[in-house]
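Worksheet: the structure to be examined is printed underneath.
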Amino acid sequence: MFELLLCSLLTIFPDYLYRRYRQGKRLGKEITLYSVWFELRYGIISCLMLTVALITMIFYYHPSTNSATLYYRTVPIVPEITGRVAEVKVDVSAPVKQGDVLFRLDSAKQEASLQTARRKIAEVDAAMLSAQADILKAEGQLQEAKGALQQATDELDTKRELQKRNPGIVPQRDIEKLEVAAAGRQGSLDAATASKQSAMTRLSALLPAEKASAEAALAEAQVDLDKTFIRAGVDGRVEQFALRPGDIVNPMIRSAGVLIPEGAGRRALMAGFGQIEAQVMKAGMVAEVTCISKPWTIIPMVVTSVQDYIAAGQFRGGEQLVEAQQVVRPGTILVFMEPIYTGGLEGVTPGSSCVANAYTSNHELISSGKVGSFKSFGLHVVDATGLVHAMLLRIQALLLPIKTLVLSGH
């Protein structure tokens with residue numbers, strides 16, 4: 001309507017003035033309702049053509065969309081193990097802090113495994129004490145074997161010395177018995193030495209390894225026990241948490257609830273603009289939005305980034321070929337917007353639907369002096385027509401509650 005009124009001031013109105021004051025034709029006489037088309041046909045046609053061109057220019061260089069939403073990502077509350085709920089710590093809707101216990105699963109099996117691991121460590125500790133006693137015992141046996149060997153060796157040396165001085169005084173049979181006895185005492189000494197070495201190896205290597213394995217099993221059992229306590233991963237709020245004691249939760253089937261992180265949906269707004277605006281939408285563009293959850297308010301925004309891909313064109317490779325006609329609706333250009341001022345989205349409910357306008361600005365290009373006068377004038381016109389779209393957005397913000405509450409049959 002604004003575009004039509006503006007264009008009529010440039011076409012129909014001058015045409016009427018020319019015919020009224022230049023040609024002397026009077027409204028209601030020569031210019032009547034029946035003759036208005038014939039008299040003002042050039043102005044009417046020019047007005048309609050100029051209106052269509054103006055609307056096209058406005059909607060192209062200053063795009064608008066009703067598909068703007070404060071999207072936010074939720075965190076599913078999923079346990080790592082399957083189990084029966086033993087206790088629920090939070091209500092259906094409640095704020096939580098990172099690390100707070102949300103609910104607890106039955107942990108009888110995990111507690112038993114933890115107790116078994118602790119007993120295993122105690123058993124290894126007792127075995128280490130026993131190994132220390134075995135070392136002391138082996139040392140005693142080693143000293144005893146050394147003494148017996150020394151005694152047998154001394155007696156054998158004495159007999160040999162006597163035999164050497166007085167041949168035949170010592171029977172050869174006695175010397176052979178002493179040699180066999182000395183060899184046996186040497187074997188006992190070697191056995192005692194090996195026994196001590198085995199006890200020391202068991203104490204210094206085998207039992208510490210067994211204890212380390214037992215401690216690892218204890219840590220694993222503790223981790224399994226900790227998994228029965230499902231905690232909040234981030235600060236946020238639990239919503240629609242209908243889990244109750246006795247329920248069985250399975251991470252492969254469904255989540256136990258939803259956790260909304262703190263500040264989710266309050267930082268940026270995502271809007272989908274038509275594909276035809278792909279060459280117009282740029283990061284840094286000034287934008288404005290009005291949201292249903294905060295009526296009669298215009299929020300200044302800035303475009304922070306523009307997604308380079310259209311979601312409607314994605315596909316998953318598989319056993320079927322892509323059929324282009326399956327894409328019924330064309331996709332949109334996804335644009336990310338953030339408020340210019342701190343707290344600009346305060347009061348806007350996350351997930352709220354909004355109406356967004358983006359405005360093209362050629363001020364830097366015009367100020368650079370790199371364009372001619374005619375093009376500079378055209379860019380001024382493009383920038384100035386953004387005022388029309390800004391007025392339309394404010395009218396939408398004014399009528400949005402009425403349209404929602406009254407005209408929609410609420």
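The values are calculated or read from the model by the stated rules, or taken from the named source; none is laboratory data. All values reported here derive from a predicted model rather than from experimental measurement. Cβ atoms come from the backbone with ideal geometry, glycine included; neighbour counts cover every protein chain shown. We work out accessible area using only protein heavy atoms, side chains counted, and drop any ligands, DNA or RNA first. Shrake-Rupley method; radii C 1.70, N 1.55, O 1.52, S 1.80 Å.
At a glance:
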item: Qualifying residue in region 350-362 (condition: open to solvent by less than 50 Å² (accessible area, probe 1.4 Å), under 20 Å from Met270 (Cβ atoms), of a type in the set (Phe, Trp, Tyr) and not in a helix (DSSP H, G or I)); result: yes
item: Selection count where residues are surrounded by 14 or more Cβ atoms within 10 Å (Cβ to Cβ) and not in a loop (DSSP other than H, G, I, E, B), scope region 89-108; result: 6
item: Region 214-251, residues that are within 35 Å of the chain's Cα centre (by Cα) and in a helix (DSSP H, G or I); result: Glu215, Ala216, Ala217, Leu218, Ala219, Glu220, Ala221, Gln222, Val223, Asp224, Leu225, Asp226
item: Which numbered condition Gly318 misses (of (1) under 28 Å from the mean Cα position of the chain (by Cα); (2) not in a loop (DSSP other than H, G, I, E, B)); result: (2)
item: Qualifying residue in region 375-385 (condition: part of a loop (DSSP other than H, G, I, E, B), in contact with a helix residue (DSSP H, G or I) (Cβ under 8 Å, 6 or more places away or on another chain) and surrounded by 17 or more Cβ atoms within 10 Å (Cβ to Cβ)); result: yes
item: Hey, Pro339 touching a Lys or Arg at 6+ places or on another chain (Cβ under 8 Å) and at pLDDT 90 or above or not; result: no
item: Search result, residues across region 278-299 that are touching a residue at least 40 places away in the same chain (Cβ under 8 Å) and touching a strand residue (DSSP E or B) at 6+ places or on another chain (Cβ under 6 Å); result: Ala278, Met281, Met285, Val286, Ala287, Glu288, Val289, Thr290, Cys291, Ile292, Ile298, Ile299
item: Pair list, Cβ < 7 Å and 6+ apart or interchain, from region 120-136 residues that are closer than 23 Å to Ala219 by Cβ and touching a residue at least 24 places away in the same chain (Cβ under 8 Å) to residues that are part of a helix (DSSP H, G or I) and open to solvent by 50 Å² or more (accessible area, probe 1.4 Å); result: Ile121/Lys211; Ile121/Glu215; Val124/Glu210; Val124/Lys211
item: Region 276-311 - residue that is part of a helix (DSSP H, G or I) and closer than 21 Å to Met57 by Cα and, of those, least open to solvent (accessible area, probe 1.4 Å); result: Glu277
